[in-house]
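Beneath this line is the structure, given in structure tokens, with notes to follow.
What follows draws every value from the coordinates through simple rules; no lab data is involved. These figures come from a predicted structure and were not determined experimentally. All Cβ positions, even for glycine, are placed from backbone atoms using ideal geometry, and neighbour counts span all protein chains on display.
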Amino acid sequence: CTYMQLEYTEKEDSYLREREISFHLPAKIESIPHRDPILRITDTADGTFITCSLEGNVTFWSSNTERKKTKTVVNPELSNRTKPKWITDFCLMPHFNKFIVGTGDREIQFFELSSFDPYCQISGLETVPLKLDYSSTGHDECLILFGDSQGCVNILAIKSV
């Protein structure tokens, strides 16, 4: 009796979580500006989707998967390197209108979200930041969390002075 009750409970839960999904056929084939793998896809409050790839191309997409604009966060003219700078992850700071990027050069870079102008940079980290996240903790306070190449989770507390 208990087994059947559990089985029916699972079926009911499955039924309640069920949603109707529609696919628009034929599928739309879209060329993308990314040559390297896409690191993350995230959305904004206005319904825009943002993708960032390993080489630093950031693309803004409408909710209809139409490309709005593409910017790059890596400036090839500023470096005379043999290997290009690579991006490890990104996240948004919507409360401050910033875009955060982790790089393979052990840096965390901040950009203005509207113009993509560089805002500031944290460099000389001991390890490579592989995954980034952001959390607002109050007015003019936030946490930036990142997982690094040694398996540690680092927390940066940022406060207004």
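Using only Cα atoms and rounding to the nearest 10 degrees, what angle (0 to 90) does helix 2-17 make with the longest principal axis of the chain? That works out to roughly 50 degrees. Extent of the chain along its three principal axes (Cα atoms, max minus min coordinate, largest first): 70, 42, 33 Å.
Order these peptides, 92-100, 5-13, 115-123, 138-146, by their mean beta-carbon neighbour count within 10 angstrom, highest first. Intermediate results must be reported in sequence, preceding the final value.
Values: 92-100: 17.6, 5-13: 9.9, 115-123: 12.3, 138-146: 14.9.
Going from most to least packed, we get 92-100, 138-146, 115-123, 5-13.
Annotation: lysines with alpha-carbon distance below 22 angstrom to LYS11 (same-chain offsets under eight excluded): none found.
Would you calculate, for the chain, the mean residue ellipticity at 222 nm contributed by helices, counting each DSSP H stretch of 4 or more residues as -39,500 (n - 2.57) and dividing by all residues, to the nearest 500? Present the calculation step by step, with values, prior to reporting the outcome.
Values: 1 runs with 16 residues, N = 161.
Counting only the DSSP helices, I get -3500 deg cm²/dmol.
Applying the Karplus relation 6.51 cos²θ - 1.76 cosθ + 1.60 with θ = phi - 60° to segment 121-133 yields 3J(HN,Hα) values of 8, 10, 10, x, 5, 6, 9, 7, x, 8, 10, 10, 8 Hz, where x marks Gly and Pro. In order along segment 140-145, phi translates into HN-Hα couplings of 6, 9, 7, 10, 10, 10 Hz, rounded to whole numbers, per the Karplus curve 6.51 cos²θ - 1.76 cosθ + 1.60 with θ = phi - 60° and x for Gly and Pro.
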